[in-house]
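For reference, the structure discussed in these notes is given below.
The values are calculated or read from the model by the stated rules, or taken from the named source; none is laboratory data. None of the values given here were measured: they were computed from a predicted structure. Note: ideal-geometry Cβ built from the backbone for every residue, glycine included; neighbour counts use all protein chains shown.
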Amino acid sequence: MRIIAGTYRGLTLASVGKGDANAHLRPTSDRVRESLFSVLMSLGDPIDGARVLDLFAGTGALGLEALSRGATFASFVDNGAKARSLIQQNIKLCRAEDQTSFIRRDATRMGDCINAPYDVIFLDPPYGKSLGQKALHAALMGGWLTQDALIVWEENSAQDAPDGFEMIDQRRYGDTHITLLRRTSA
């Protein structure tokens, strides 16, 4: 697993290895990340200058790819010990400590946002457990999203736009479905 483009281009990230079977770590493949960011660039580059929230962050690859491509700040949310270790290793590899924060929390129970809200939200929950809907609702209710936040939702099936969001695009890459949503109301 490596960073595809930008400042950290070609940097190899820490390996998941055998990981933790209970952690449900399933990093987004390089091929899917490359395609995803190409789609985002076609939308007018919503990453450049953005504050990014990476929910169910796992290895942190999505948030770090965004930083590499011009995001100003990334917060990584995960409650797994293995994920925390991998994210911290990868932040150090990128020398991005000043542009990142790690929040050890259940992404479905975000609570209130105490800092500025986020422009781009990567949502990559364990597949097929309906955790994405819960996490998106928690982030919305807690004030974590800007008024026109872009949601990048990775699941094993296409997702419908919940109330307050509009569908921008959907793509399928093997068993991975990417759904892009835009927040439409406060």
Legend entry - Unmet criterion (only one of (1) touching a residue at least 60 places away in the same chain (Cβ under 8 Å); (2) of a type in the set (A, V, I, L, M); (3) within 17 Å of Ala61 (Cα to Cα)) for Leu131: (3)
Legend entry - Of all residues making up the range 151-166, the number that are part of a strand (DSSP E or B) and either farther than 23 Å from Arg31 by Cα or acidic (Asp, Glu) (or both): 4
Inset, instruction - Output the residue which, of all residues in the range 91-100 that are out of contact with any helix residue (DSSP H, G or I) (no Cβ under 7 Å at 6 or more places or on another chain) and surrounded by fewer than 14 Cβ atoms within 10 Å (Cβ to Cβ), is nearest to Ser68 (Cα to Cα). - result: Arg95
Inset, instruction - Would you be able to say whether some residue in the range 139-148 is small (Gly, Ala, Ser), touching a strand residue (DSSP E or B) at 6+ places or on another chain (Cβ under 7 Å) and without any contact (Cβ under 8 Å) to a residue 40 or more places away in the chain? - result: no
Inset, instruction - Among what's in the range 21-72 and is over 12 Å from the mean Cα position of the chain (by Cα) and among the basic types (Lys, Arg), pick the residue that is modelled with the lowest pLDDT. - result: Arg26
Legend entry - Members of the range 101-147 found to be part of a strand (DSSP E or B) and surrounded by fewer than 16 Cβ atoms within 10 Å (Cβ to Cβ), listed by number: Ser101, Gln147
Inset, instruction - Could you grab the pairs with beta carbons closer than 8 Å, sequence gap of 6+ or different chains, first residue in the range 156-172 and free of Cβ contacts under 8 Å to residues at least 24 places away in the same chain, second one loosely packed, with under 13 Cβ neighbours inside 10 Å and not in a loop (DSSP other than H, G, I, E, B)? - result: Ala158/Arg172
Legend entry - Residues satisfying the stated conditions in the range 129-143, i.e. farther than 12 Å from Trp153 by Cα and touching a Pro at 6+ places or on another chain (Cβ under 7 Å): Gly143
Inset, instruction - Take the residues in the range 107-124 that are over 14 Å from the mean Cα position of the chain (by Cα) and charged (D, E, K, R), then tell me which one is farthest from Val77 (Cα to Cα). - result: Asp112
Legend entry - One residue from Asn90, Asn79 being farther than 19 Å from Leu36 by Cα and in a loop (DSSP other than H, G, I, E, B): Asn79
Inset, instruction - Report yes if Val52 is buried (at least 16 other Cβ atoms within 10 Å of the Cβ) and in contact (Cβ under 8 Å) with a residue 40 or more places away in the chain, otherwise no. - result: yes
